[in-house]
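Some notes on the structure that comes next.
The values are calculated or read from the model by the stated rules, or taken from the named source; none is laboratory data. No experiment lies behind these values; they were computed from the predicted model shown. Here the Cβ is made from the backbone with ideal geometry for all residues, glycine too, and neighbour counts use every protein chain on show.
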Amino acid sequence: MLNHLLLLPLFLLSGQADIARVMDGGFEDWTSAPVATGPEDGMVKAVRVAEDPHFVYLQIDLARPATLQGLDRELRIELDLDGSDRTGREGSAGMPGVDAIVMFSPRDTKDGSFDSGSALIGFNGRNETRTTTDALGVVAMPTHGSDRFEIRMDRLPAFRGRSFDGQVITIASNGTPTACPAFSHELKSRSASRGLPVIHDPAEPTNDIRITSWNGERGALFENPGPFARTFEALQPDLVLLQELPSKSGPEELKAWFDRIDGDQAWNAILSGGSLRVAVVSKHPLEPVPELAKVSALDPRGSKRFVRAVGGLARIDRQEVLVVSVHLKCCGRLGSSEDQKRRSEVDAIHEAVRTAVARIKPDQVVIGGDLNLVGTSTVLDRLAEGLAPDRSNLTVTEPIRPAGDATTTWEKPGQSFVPGRLDFILVGGRCRVSRSLVVDTNQLGDRWRRKHGVPEEVPSDHLAISVDVRPGG
């Protein structure tokens, strides 16, 4: 990629945000002792608390791996937000002054079943309001199954006092609670008066190979092209991996769509078949890879079905790059039928890529897309296993949001699911990753959007991820 604009906009030079935790599903930054430990026979084993001027955090350890938003019981975080017993109500395990309850896998009180997702109950005097957790800015990581989770909540305006109390409780199908001891936490830092500063600009020019992956949410790329086009124009990617294209779209139509972004640039495109198609688009020469033209997997009943995957061989300067766009089965939880389908899909993709790498012997391998990683994380491990040209594992890149606070790539206000990480780019071969970012245009702010002509509207429930790869090494 060749860019002539080399100056970083001044509004980005604001330094690292004063955050205590990066929401990435890693726990190296959790070193404090637990504030509560659960009973021997309980699901919750330990609870930790942290804070910074912007957020309040909890770490919750479970007795066994599970999907937080797909548990076999309800997990409640009951909060006395103002530290006062005189407001709120008595909690389900007797804690006074509960102002809000964050619930994961909420229990249906009619039949005792558990819904996927989350919910928020707030109390204001005698009034009780049930809404979605985005009202409290709740983020939980990792999105895939684990026995440990970190949960973040916006500090303002909810946490109003100098301290708050909390209690973590699980509710069985018959309504019986199992509670950890209640805890109290003093808020030692002063709450921030401003939002998080931007420290990464995804549109910063580069001479490296820029790869962007984006799930366009059921054909929105064609139905609402403006925000997509302006964002791609700002990013200036070399390679684009797309998911959820409509079945009626074809290579020529997709090529024409990208040609309109820059009248001097002729793009190339390869699409999969079926519905909700995936694609590889390149501003460099691109040819189909036969091994990835029609990837199929066996479902649990032994029937063959096509996998949403497609691959192309891009030639960038003197580099040959095998590029694969994938979209794995949606939904489910750890151990569900959907989880089993993702495993079979990634096995089929792995075999196809392995065969293609052995034949082509490319300089680099890139696999990216929407992995819907809400079950076992071994799906990601399998996708990386031994697929670099030298048979080493691919590197799972770690794109981070512009404020450096989280690696989440999916969010939809008003949905029962909290923001999570569903989208990934893996790379391997004679290259190294120089930068990887989540393109959250709302977090970038009005000034960035005006500079690049990107409208305020976010066109998809997925955010684009953008990875810069430097050839050689």
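Between Asp347, Asp339, Asp381, Asp440, the distinction of being closer than 28 Å to Asp208 by Cβ, more than 12 Å from the chain's Cα centre (by Cα) and of a type outside the set (Phe, Trp, Tyr) belongs to Asp381 only.
Among the residues of the range 439-468, count how many are of a type in the set (A, V, I, L, M) and closer than 24 Å to Glu385 by Cα.
Final tally of qualifying residues: 2.
Condition check ((1) of a type in the set (Lys, Arg); (2) within 18 Å of Leu394 (Cβ to Cβ); (3) assigned by TED's automatic domain parsing to the domain that holds Leu276) across all residues:
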position: Leu292; (1), (2), (3): no, yes, yes
position: Ala297; (1), (2), (3): no, no, yes
position: Arg301; (1), (2), (3): yes, no, yes
position: Lys304; (1), (2), (3): yes, no, yes
position: Ala309; (1), (2), (3): no, yes, yes
position: Ala314; (1), (2), (3): no, yes, yes
position: Glu320; (1), (2), (3): no, yes, yes
position: Val323; (1), (2), (3): no, yes, yes
position: Val326; (1), (2), (3): no, yes, yes
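Quickly run through the range 373-407 and pick out the residues that are in a loop (DSSP other than H, G, I, E, B) and charged (D, E, K, R).
Correct list: Glu385, Asp390, Arg391, Glu398, Arg401, Asp405.
The conditions of being surrounded by fewer than 19 Cβ atoms within 10 Å (Cβ to Cβ) and of a type in the set (A, V, I, L, M, F, W, C) are met by Ala192. One residue alone among Gly369, Gly375, Gly312 is within 21 Å of Leu276 (Cβ to Cβ), touching a helix residue (DSSP H, G or I) at 6+ places or on another chain (Cβ under 6 Å) and modelled with pLDDT of 95 or more, and that residue is Gly375.
For (1) out of contact with any strand residue (DSSP E or B) (no Cβ under 8 Å at 6 or more places or on another chain); (2) under 22 Å from Thr409 (Cβ atoms), each residue gets a yes or a no:
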| site | (1), (2) |
| --- | --- |
| Glu28 | yes, yes |
| Pro34 | no, no |
| Glu40 | yes, no |
| Val47 | no, no |
| Ala63 | no, no |
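Per the conditions (1) over 20 Å from Glu398 (Cβ atoms); (2) at pLDDT 95 or above, the sole criterion not satisfied by Met23 is (1). The number of residues in the range 408-453 being farther than 21 Å from Leu235 by Cα and outside any loop (DSSP other than H, G, I, E, B) comes to 3. Put simply, of Glu411, Glu457 the only residue that is within 16 Å of Ala140 (Cα to Cα), of a type in the set (D, E, K, R) and in the same structural domain as Cys331 (by TED's automatic domain parsing) is Glu411. Number of residues in the range 264-320 that are in a loop (DSSP other than H, G, I, E, B) and either surrounded by 13 or more Cβ atoms within 10 Å (Cβ to Cβ) or polar (S, T, N, Q) (or both): the value is 15.
Take the residues in the range 322-347 that are among the basic types (Lys, Arg) and free of Cβ contacts under 8 Å to residues at least 60 places away in the same chain, then tell me which one is surrounded by the fewest Cβ atoms within 10 Å (Cβ to Cβ).
We begin by selecting, within the range 322-347, every residue among the basic types (Lys, Arg); these are 329, 333, 341-343.
Now drop any that are not free of Cβ contacts under 8 Å to residues at least 60 places away in the same chain, which leaves 329, 341-343.
Working: Lys329: 25, Lys341: 22, Arg342: 27, Arg343: 17.
For the range 322-347, the residue satisfying everything is Arg343.
Pick from Arg421, Arg447: which is more than 16 Å from the chain's Cα centre (by Cα) and either surrounded by fewer than 21 Cβ atoms within 10 Å (Cβ to Cβ) or under 25 Å from Val324 (Cβ atoms) (or both)? Before you say what the answer is, go through the steps one by one.
Details: Arg421 fails: more than 16 Å from the chain's Cα centre (by Cα).
When all the criteria are applied, what remains is Arg447.
I'd like to know if the range 96-108 contains one or more residues that are over 16 Å from Leu75 (Cα atoms) and surrounded by 18 or more Cβ atoms within 10 Å (Cβ to Cβ). First the steps, then the outcome.
First, pick out the residues of the range 96-108 that are over 16 Å from Leu75 (Cα atoms): 96-97, 99.
Those left that are additionally surrounded by 18 or more Cβ atoms within 10 Å (Cβ to Cβ): 97, 99.
The answer is yes, given that some residue of the range 96-108 is over 16 Å from Leu75 (Cα atoms) and surrounded by 18 or more Cβ atoms within 10 Å (Cβ to Cβ).
Only one of the numbered conditions (1) within 28 Å of Gln236 (Cα to Cα); (2) modelled with pLDDT of 95 or more; (3) basic (Lys, Arg) is violated by Arg318, and that is (2).
Please indicate, with yes or no, whether at least one residue in the range 337-355 is polar (S, T, N, Q) and part of a loop (DSSP other than H, G, I, E, B). No, there is no match, as no residue in the range 337-355 is polar (S, T, N, Q) and part of a loop (DSSP other than H, G, I, E, B).
Step by step: first the residues of the range 116-154, then only those that are in a strand (DSSP E or B) and among the acidic types (Asp, Glu), then the one that is farthest from Pro413 (Cα to Cα). Which residue is that? Lay out the reasoning, then the answer.
Kept after step one, since they are in a strand (DSSP E or B), are these residues of the range 116-154: 118-124, 127-131, 139-141, 146-154.
Of the ones still in play, those that are also among the acidic types (Asp, Glu) are 128, 147, 150, 154.
Details: Glu128: 21, Asp147: 26, Glu150: 20, Asp154: 15 Å.
Only one residue tops the list, namely Asp147.
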